[in-house]
Amino acid sequence: MNDRELWSGVLYKLATPVLSNMSAGTLRQNMPVEYSLTWDGRDKQVAYMECFARLMAGIAPWLSLPDDDTPEGEMRRLLRQQALQSYANTVNPDSPDYLLWGEEMQPLVDAAYLVHSFLRGYESLWLPLSQETKDRYVEHFKKLRLITPPYNNWVLFPAMIETFLMLAGEEYEMYRVSLAIHKMEEWYVGDGFYSDGPRFAFDYYNSYVLHPMYVECLETLSEYVSSSYRPLYEKALARMQRYAYFLERLISPEAYFPVIGRSSTYRIAAFQPLAMLALNGQLPSDLSCGQVRSALTAVIQRMLAGDQNFTPDGYLTLGVNGCQPHIVDYYTNTGSLYMASLILLPLGLPTAHPFWTVPAGRWSSQRVWSGEDISKDGGFFVV
């Protein structure tokens with residue numbers, strides 16, 4: 001089995017229970033949901049929106065590849081059909097899997113991940129939807145303006161939604177985007193890291209939210225609104241590239257990585273910026289495709305290729321490595337865990353792309369701990 005076969009097999013393993021059920025309107029009925037031991041009392045129905053939105057944000061680039069007659073292509077064709085029907089069900093009040101949209105604050109978060117899937121797969125996942133489904137999404141997205149986000153990474157969620165509405169040719173509120181830009185510039189603390197609000201937290205929220213959503217917003221604005229956003233975009237991209245160095249060096253020779261801070265049950269979503277840069281052909285010049293692919297493959301294999309992180313029904317378990325309820329945050333449920341799909345973004349590159357065809361390379365920690373004389377980490381301050 002080559003690397004791509006392993007990756008696409010893991011994607012299929014993650015997505016099949018979710019999309020096969022949601023497309024049939026049976027996700028609520030069939031998905032077993034676990035909740036944190038310290039659950040904070042919010043409506044438990046948030047789990048289904050979290051599951052679908054986060055999964056789609058990670059697999060959208062792969063679903064956007066052209067059809068072909070390979071085994072991978074057959075998997076993709078089936079999952080795309082199921083995804084399109086699932087998108088329709090999420091906003092159809094007559095569907096058993098109509099999502100929880102307005103009763104809680106949490107839908108603002110996962111609407112942003114749904115939007116991320118539309119931005120990453122606009123022509124393949126948004127444009128094919130019926131006009132009725134599109135209109136329902138626009139209506140639901142606009143109703144989320146009633147939610148005031150906390151003063152932290154949440155400011156990016158309305159910014160993502162408004163950016164998408166702009167791209168889709170709908171009425172949008174630019175001040176929500178401008179607020180996020182202003183805050184992100186204020187919260188940059190140097191060397192590739194943002195604080196999550198006024199205070200810095202040492203966790204992976206730079207991976208889960210801050211870098212990917214900020215760069216996505218600025219890239220879209222610079223392309224479709226005004227080239228004046230281009231310098232901001234290039235600066236944010238350089239920061240994410242610097243952060244990617246840290247991520248690559250955090251992967252041990254055995255493909256472990258530090259489990260730190262909030263939301264550690266999102267598992268390998270910690271590597272989203274590295275995966276996103278690979279997808280977009282923007283890896284730093286001294287991080288080769290071969291070493292990044294090898295490192296991410298090893299992490300994916302250790303975490304998701306086996307069965308220790310899946311229930312007998314095929315859904316993710318509540319933990320980091322197996323069932324570990326005491327490491328779970330108060331807001332986490334089974335649906336939350338599908339953030340893990342975000343490491344799979346490079347599957348959106350064609351099979352013949354150099355990311356998949358260049359020889360495997362050893363990643364930094366493998367090289368240094370085997371005694372190889374490698375160059376030091378090129379730490380620098382990105383403004």
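So which residues in segment 1-23 are outside any helix (DSSP H, G or I) and either crowded, with 17+ Cβ neighbours inside 10 Å or under 16 Å from the mean Cα position of the chain (by Cα) (or both), if there are any at all?
Matches in segment 1-23: 23 only.
Being assigned to a loop (DSSP other than H, G, I, E, B) and either touching a Phe, Trp or Tyr at 6+ places or on another chain (Cβ under 8 Å) or at pLDDT below 95 (or both) narrows it down to one of 329, 373, so name that one.
373
Looking at this structure, is residue 66 surrounded by fewer than 17 Cβ atoms within 10 Å (Cβ to Cβ), touching a residue at least 60 places away in the same chain (Cβ under 8 Å) and outside any helix (DSSP H, G or I)?
Against the criterion (surrounded by fewer than 17 Cβ atoms within 10 Å (Cβ to Cβ), touching a residue at least 60 places away in the same chain (Cβ under 8 Å) and outside any helix (DSSP H, G or I)), residue 66 does not qualify.
Kindly evaluate residue 201 against the criterion of being buried (at least 24 other Cβ atoms within 10 Å of the Cβ), within 27 Å of residue 51 (Cβ to Cβ) and of a type in the set (Gly, Ala, Ser).
Criteria not met by residue 201.
Hey, among the residues in segment 298-326 that are hydrophobic (A, V, I, L, M, F, W, C) and part of a loop (DSSP other than H, G, I, E, B), which one's surrounded by the fewest Cβ atoms within 10 Å (Cβ to Cβ)?
Among those residues, the one meeting the criterion is 323.
Anything in segment 287-303 that is closer than 15 Å to residue 251 by Cβ, touching a residue at least 60 places away in the same chain (Cβ under 8 Å) and touching a helix residue (DSSP H, G or I) at 6+ places or on another chain (Cβ under 8 Å)? List them, or say none.
291, 292, 293, 294, 295, 297, 300, 301 - these are the residues of segment 287-303 that are closer than 15 Å to residue 251 by Cβ, touching a residue at least 60 places away in the same chain (Cβ under 8 Å) and touching a helix residue (DSSP H, G or I) at 6+ places or on another chain (Cβ under 8 Å).
Out of (1) without any contact (Cβ under 8 Å) to a residue 24 or more places away in the chain; (2) within 23 Å of residue 25 (Cβ to Cβ); (3) part of a helix (DSSP H, G or I), the odd one out for residue 111 is which?
The single condition residue 111 does not satisfy is (1).
How many residues are out of contact with any Phe, Trp or Tyr (no Cβ under 7 Å at 6 or more places or on another chain), within 21 Å of residue 323 (Cα to Cα) and assigned to a helix (DSSP H, G or I) if we restrict to segment 250-297?
Number of matching residues: 4.
The values are calculated or read from the model by the stated rules, or taken from the named source; none is laboratory data. Bear in mind that the values here come from a model prediction, so they are computed numbers and not experimental data. Neighbour counts are summed over all protein chains in view; Cβ atoms, including those assigned to glycine, are modelled from backbone coordinates with ideal geometry.
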